[in-house]
Amino acid sequence: MKLSTALPVLASTRQRRDTRPVSFFEFWPDWLFYFPVVAHWMALGVRYGNFMLPTAANPAITAGGLCGESKSEILDQVAGPVRDLLARYTVVVASSDGTAAAEDASKAAGIGYPLIAKPDVGCNGAGVRLLRDRSDLGRYLHDFPVGERIVLQEFIADEGEAGVFYVRHPDAAVGRITSITLKHAPVVTGDGRSTLRELILSDPRAGRVAHLYLPRLADRLREVPATGERVRLVFVGNHCKGSIFEDGSHLATRALAEAFERIARSIPDFYFGRIDVRFAALPDLLRGDGFRIIEINGAGSEATHVWDPRTTLSDAWRVQFFHYGAAFRIGAANRARGHRPTRLRSVLRLWRRQKRLMAAYPMND
């Protein structure tokens, strides 16, 4: 049973993946893939005299968005007409008996079920869930670390999802789009005989990374999907959680660049990061229209198109070197303007807190 996509609106743009379902480095351990990236970072730190210089790339964001930043505080900074592009959201504090208060906050923000719940501090899709009703919300609040902030966000039902990376040097009149990632949901299709577990294990791609899906779907693995029934294996659009990433960088248009220039300019001193959006139709997105913003990420974000299985290892490293080099150059320019990088001790504190929280979050959808 071949792995398909839940994004029919993108089907016409996808190239054939005749070579391999998974690249040989796609799921390497982090330490192995990022070793040369870290070495490059250290060399840049020596060159510029500060290893934390990228934290000055976005001066209005905590640590520049390198780690430990609040997702909602970034969204709060978006000003002007661009705010209409944001998926509606509110922030609540987790408590085991806070369901009614969370529902009240959601209603006040114009958010109904289904809705998205995500940690206010985190990355890689940790703890992101689709909540369909009050009981889902109650369980999520019960399982979430008490006293920590949760973003409740409008569910944008459009099938398309993309991550668009924006970079602008402070001395430049305009920025540019350096990466577009089209995100596809992994789906298996039932044959009326095989269990969901069997469908996953027999799939050319899903079977190679079954450990990403089986624990999350443990209570459904014995189900036998009907013939033609499509079962989505993961909801969150994150590569390390099992979503399929496609390099769409070649699709960048002037209209799209102008739209994301407006978005970036709506955020104070925003020069470097990835803006994640959902959209109904790819042609509309490329015209700079018909999309909603679900998240804005800073210096710690990645040009995720490198996780397209067709990307070579050398190209993936080249992209990493370029983007982190740009973060250092932007940070250096902002430092010259009086913005101080975050100290290493403070970054480590933010990173440790983020890591501790991520270990305590509920499993993502």
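The values are calculated or read from the model by the stated rules, or taken from the named source; none is laboratory data. Source: prediction; values computed, not measured. Virtual Cβ from ideal backbone geometry, glycine too; neighbours counted across all protein chains shown. Quick note on the areas: whole protein, heavy atoms, side chains included, nothing else; ligands and nucleic acids left out. Shrake-Rupley method; radii C 1.70, N 1.55, O 1.52, S 1.80 Å.
Computed quantities for the displayed model
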item	result
Unmet criterion (only one of (1) in contact (Cβ under 8 Å) with a residue 60 or more places away in the chain; (2) out of contact with any Ser or Thr (no Cβ under 8 Å at 6 or more places or on another chain)) for Ala63	(2)
Residue in the stretch 250-264 that is buried (at least 21 other Cβ atoms within 10 Å of the Cβ) and touching a Ser or Thr at 6+ places or on another chain (Cβ under 7 Å) present	no
Which listed residue, of Arg129, Arg168, Arg176, is more than 29 Å from Arg230 (Cβ to Cβ), within 22 Å of the chain's Cα centre (by Cα) and open to solvent by 60 Å² or more (accessible area, probe 1.4 Å)	Arg176
Residue under evaluation Glu295, criteria (1) within 23 Å of Arg83 (Cα to Cα); (2) acidic (Asp, Glu); (3) open to solvent by 40 Å² or more (accessible area, probe 1.4 Å), criterion not met	(3)
Checking Val306 against (1) buried (at least 19 other Cβ atoms within 10 Å of the Cβ); (2) closer than 25 Å to Arg265 by Cα, the condition it does not meet	(2)
When residues of the stretch 228-240 are limited to those that are of a type outside the set (S, T, N, Q) and under 18 Å from Ala303 (Cβ atoms), the one surrounded by the most Cβ atoms within 10 Å (Cβ to Cβ)	Gly237
Contacts under 8 angstrom Cβ, first residue in the stretch 345-361 being within 13 Å of Gly127 (Cα to Cα), partner modelled with pLDDT under 95 and open to solvent by less than 30 Å² (accessible area, probe 1.4 Å), 6 or more apart	Gln354/Gly122; Leu357/Gly122; Met358/Gly122; Met358/Ala126; Met358/Gly127; Tyr361/Gly122; Tyr361/Ala126; Tyr361/Gly127
Of the criteria (1) more than 20 Å from Thr253 (Cα to Cα); (2) touching a helix residue (DSSP H, G or I) at 6+ places or on another chain (Cβ under 6 Å); (3) assigned to a helix (DSSP H, G or I); (4) not β-branched (Val, Ile, Thr), which one Ala299 fails	(3)
Residue in the stretch 98-105 that is farther than 28 Å from Glu261 by Cβ, assigned to a loop (DSSP other than H, G, I, E, B), modelled with pLDDT under 95 and not acidic (Asp, Glu) present	yes
Pairs with Cβ under 6 Å, 6+ apart, first in the stretch 226-240 and farther than 10 Å from Ala185 by Cα, second open to solvent by 50 Å² or more (accessible area, probe 1.4 Å) and in a loop (DSSP other than H, G, I, E, B)	Cys240/Asn124
Scan of the stretch 188-226 for residues that are hydroxyl-bearing (Ser, Thr, Tyr) and farther than 16 Å from Val22 by Cβ, ordered by number	Thr189, Ser194, Thr195
Where Asp97 falls short, out of the listed (1) without any contact (Cβ under 8 Å) to a residue 60 or more places away in the chain; (2) among the charged types (D, E, K, R); (3) crowded, with 18+ Cβ neighbours inside 10 Å	(3)
Residues of the stretch 309-323 satisfying the condition of being crowded, with 20+ Cβ neighbours inside 10 Å and either over 22 Å from Gly242 (Cβ atoms) or basic (Lys, Arg) (or both)	His323
Subset of the stretch 77-111 [more than 14 Å from His142 (Cα to Cα) and among the aliphatic types (A, V, I, L, M)]	Val78, Ala79, Val82, Leu85, Leu86, Ala87, Val91, Ala105, Ala108, Ala109, Ile111
Index of the failed condition, Pro29 passing every other in (1) open to solvent by less than 40 Å² (accessible area, probe 1.4 Å); (2) closer than 24 Å to His239 by Cα	(1)
